[in-house]
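The values are calculated or read from the model by the stated rules, or taken from the named source; none is laboratory data. Because the structure is a prediction, the values reported are computed rather than measured. When we count neighbours, we look across all protein chains shown, and the Cβ atoms used for this are built from the backbone with ideal geometry, even at glycine.
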Amino acid sequence: MSNIKKLYYYISSRNIDKRIVLLSDIHYNSKKERLYLNKVLAKLKLEEYDYLCISGDLLDRSRVDDEDLLIGWLKELAKLSKVIIGIGNHELTSDHNHLYDFNNEIYNKIKKIRNVKVLDNSDYVDGDIRFIGLTLPVDFYYKYGENNNYFMRFVNNTFPKAYKDKYNILLCHTPQSLTDLKTYKKTKLFENIQLVLCGHMHAGITPYWMRKILNGRGLISPSKRMFPKNAYGYTKIKNTDVVISSGITTASNCNKFSFIDPFFMREITIIDIEKEDD
């Protein structure tokens, strides 16, 4: 667990000065992860920031053991800043058969934590900032293999109009479809999204030392695409900044790739949104 690295990104804005911490792919399962969660918390206590965003896969599956430990950890995070939680693919399923099983019971407990907002195809406004949480269906991930057309149809049906005011920040677990320019242009929601926060890719199972060589490409995506683009780091799609976390759990999250984990960097992402000089 010593290889938790903080990565910093700087983004300009016309009227916002804020610092956001992004965590993704926590994949909480049981109290065996206590040490890992405590180390993340200790590192965050050393930072000053306005919001903590979790862009999906807080849980490894919908049913977890020792949920009180997770609730306690989130309460400690909520003492440091507001916590905004989006939904990924793992929270939606019960097991490796990918059957839909969203755990409303645990999320109802999380929603009751002071300073925590869970965004499940919903939004939350705080001053000049609007956070939007996009929850994509299980079929998108497992039946249709993150198909761009499916993504576009779902988002346009769920969010048929663009938001026209505020600084809009979208939590979208996977970056793969929204970073496709054709899909982006045909998706109404993106007309006034300034920043997108993603995860899901686990950096394409790419060791940290290889990332400058591959320039954003991974080795393999969760949907088994080889050398996927935009597997980690920063990119810009038209006027939208996109930050893709490598995740705070292991690279593989499955035994067949576990040999990679000692070479993988767990990431705490810190984003400074800085107001442009007049």
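For region 216-239, name all the residues that are in a loop (DSSP other than H, G, I, E, B) and surrounded by fewer than 15 Cβ atoms within 10 Å (Cβ to Cβ).
224, 227, 238, 239
Can you confirm whether residue 69 is surrounded by 15 or more Cβ atoms within 10 Å (Cβ to Cβ), in a loop (DSSP other than H, G, I, E, B) and either modelled with pLDDT of 95 or more or in contact with a helix residue (DSSP H, G or I) (Cβ under 8 Å, 6 or more places away or on another chain) (or both)?
When the stated conditions are applied, residue 69 does not pass them.
So residue 131 clears everything in (1) under 30 Å from residue 162 (Cα atoms); (2) part of a helix (DSSP H, G or I) except one condition, right? Which one?
(2)
Scan region 16-35 residue by residue and report those that are in contact (Cβ under 8 Å) with a residue 60 or more places away in the chain, over 13 Å from residue 267 (Cβ atoms) and surrounded by 15 or more Cβ atoms within 10 Å (Cβ to Cβ).
Matches in region 16-35: 16, 18, 19, 20, 27.
Please state which of the following conditions residue 84 fails to meet, knowing it meets all the rest: (1) touching a Lys or Arg at 6+ places or on another chain (Cβ under 6 Å); (2) surrounded by fewer than 16 Cβ atoms within 10 Å (Cβ to Cβ); (3) of a type in the set (A, V, I, L, M, F, W, C).
(2)
Within region 95-128, restricting attention to residues that are among the hydrophobic types (A, V, I, L, M, F, W, C) and in a helix (DSSP H, G or I), which residue is nearest to the chain's Cα centre (by Cα)?
Across region 95-128, the extreme among qualifying residues is 110.
Of the residues 32, 45, 39, which is under 26 Å from residue 95 (Cβ atoms) and of a type outside the set (Ser, Thr, Tyr)?
Numbers: 45 fails: under 26 Å from residue 95 (Cβ atoms); 39 fails: under 26 Å from residue 95 (Cβ atoms).
The unique qualifying residue is 32.
Looking at region 118-137 only, could you name the residues that are surrounded by fewer than 19 Cβ atoms within 10 Å (Cβ to Cβ), in contact with a Lys or Arg (Cβ under 8 Å, 6 or more places away or on another chain) and closer than 20 Å to residue 175 by Cβ?
123, the sole residue that qualifies.
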